[in-house]
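K.L.:
What follows is a structure written as structure tokens; I'll ask about it next.
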Amino acid sequence: MNLSSSVWVPLLLTLKVAVWATAINLILGVAVAYGLARWRWAVREVVDAILTLPMVLPPTVLGYYLLVLLGRRSPFGQWLAQFGIEIVFTWQGAVIASSVVAFPLVLKAARAAFEQVDPQLEDAARVLGVSAPGIFFRVTLPLAHRGIAAGVLLAFARALGEFGATLMLAGSLPGRTQTLSVAIYEAVQAGDDSTAAALVLIISLICIAALLLASRLMPGQRRLRLR
């Protein structure tokens, strides 16, 4: 199959957006998940429910929220404009939209992984004089890494296929903000079946590979207990 620029350009842009979104979610998702798993907040479950909303809300609703928050007419958007930063109709906007939509997948998987680590193992390290950062990076994170990795792979696959919020915030500018899912929609609307079929095949294969890797990681999770 001779893939033209109509296929390669949105593919490379989508991979760029998905990688950035996944990296952001890895950092934020792991940090928030650890806090929810270890700190006993009075409103912990309320915070968890709010952060999980992108998993159940329609993408267009999320796109609307993002436009209200980051649009040129919003206070935050006007503040960013003073520094020459534009979010709407940029690939960075696509990254933000994909990050928000995929965030709950990392959050849920990472929180479950952290909660499966026996706190007694952390207490033992603390008694031995290991610092709090040392406990996290040398004890907790290594024991929870499989669940976190599975969530990251699922988030990557979700970011690849994000459509609604991305279209509302970043638009569909060929070569600039037109990701694979948006390009598929545009190709179908234009009657370009060959391009649509190629894009569908590519994104399907990538997502299948990510899901297979995630499924190999998830069953390996076992609750670790100090005997």
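The values are calculated or read from the model by the stated rules, or taken from the named source; none is laboratory data. These numbers come from a predicted model, not from an experiment. Cβ: placed from backbone, ideal geometry, glycine included. Neighbour counts: every protein chain shown. The area values use the complete protein model at the heavy-atom level, side chains included, leaving out ligands, DNA and RNA. Shrake-Rupley method; radii C 1.70, N 1.55, O 1.52, S 1.80 Å.
K.L.:
If you take the Cα Rg of the range 97-162 and divide it by 2.2 N^0.38 Å, with N the number of residues, what do you get?
P.N.:
Against the compact-globule rule of thumb, the ratio is 1.33.
K.L.:
For every helix of n ≥ 4 consecutive DSSP H residues, a contribution of -39,500 (n - 2.57) applies; sum these over the chain, divide by its total residues, and give [θ] at 222 nm rounded to the nearest 500 deg cm²/dmol.
P.N.:
-23500 deg cm²/dmol
K.L.:
Place +1 on the Cβ of every Lys and Arg and -1 on the Cβ of every Asp and Glu in the chain, take the dipole about the Cα centre, and give the residue among Leu128, Val188, Val95 whose Cα lies farthest towards its positive end.
P.N.:
Of the listed residues, the answer is Leu128.
K.L.:
Whenever you get a sec, line up Val152, Val61, Val117 from highest to lowest accessible area (probe 1.4 Å, protein heavy atoms).
P.N.:
Heavy-atom accessible area, descending, gives Val61, Val152, Val117.
K.L.:
I would also like to ask the following. Net charge around Ser6, counting only other residues with Cβ within less than 12 Å of its Cβ (Lys, Arg = +1; Asp, Glu = -1)?
P.N.:
Cβ neighbours under 12 Å give a net charge of -2.
K.L.:
In the range 37-80, which chymotrypsin sites (Phe, Trp or Tyr not before Pro) fall in coil by DSSP and have 15 or fewer other Cβ atoms within 10 Å?
P.N.:
Trp39, Trp41
K.L.:
Tally up the carbon and sulfur contribution to the accessible surface of the chain as a whole percent, 1.4 Å probe, everything protein left in place.
P.N.:
68 percent
K.L.:
Per the Cauchy relation, a quarter of the hull surface: what is the mean projected area of the convex hull of the alpha carbons in the range 57-154, in nm²?
P.N.:
So the Cα hull casts an average projection of 8.8 nm².
K.L.:
While we're here: Within 15 Å, Cβ to Cβ, of Leu201, how many net charges do the neighbouring residues add up to if Lys/Arg are +1 and Asp/Glu are -1?
P.N.:
Surrounding charge for Leu201 is -2.
K.L.:
Among Ile148, Ile206, what's the order by accessible area (1.4 angstrom probe), most exposed first?
P.N.:
Ile206, Ile148
K.L.:
Sticking with this structure for a sec: Leu211: accessible area at probe 1.4 Å, nearest 10 Å²?
P.N.:
Roughly 90 Å² of Leu211 is accessible to a 1.4 Å probe.
K.L.:
A follow-up question, please. Suppose all protein chains stay in the model; what accessible area per residue would a 1.4 Å probe give for the range 76-227, in Å²?
P.N.:
Per-residue accessible area for the range 76-227 comes out at 50 Å².
K.L.:
Any chance you could look up the accessible area of Glu122 with a 1.4 Å probe, heavy atoms only, rounded to 10 Å²?
P.N.:
Surface open to solvent at Glu122 totals about 10 Å².
K.L.:
Spelling out what I want: for every residue of the range 182-189, take phi, set θ = phi - 60°, compute 6.51 cos²θ - 1.76 cosθ + 1.60 (Karplus), and round to whole Hz; glycine and proline get x.
P.N.:
Using θ = phi - 60°, the values come out as 5, 5, 5, 4, 5, 5, 5, 4 Hz.
K.L.:
Suppose accessible area is computed on protein heavy atoms with a 1.4 Å probe; arrange Arg158, Arg44, Arg138 from highest to lowest.
P.N.:
Sorted by accessible area, descending: Arg138, Arg158, Arg44.
K.L.:
Output needed for the chain: three equivalent-ellipsoid semi-axes, defined as square roots of 5 times the C-alpha gyration tensor eigenvalues, in descending order, whole Å.
P.N.:
Each semi-axis is the square root of five times an eigenvalue, giving 36, 22, 14 Å.
K.L.:
Right, next: From the C-alpha gyration tensor of the range 123-227, pull out the three semi-axes of the equivalent ellipsoid (sqrt of 5λ each), sorted largest to smallest, in whole Å.
P.N.:
43, 16, 8
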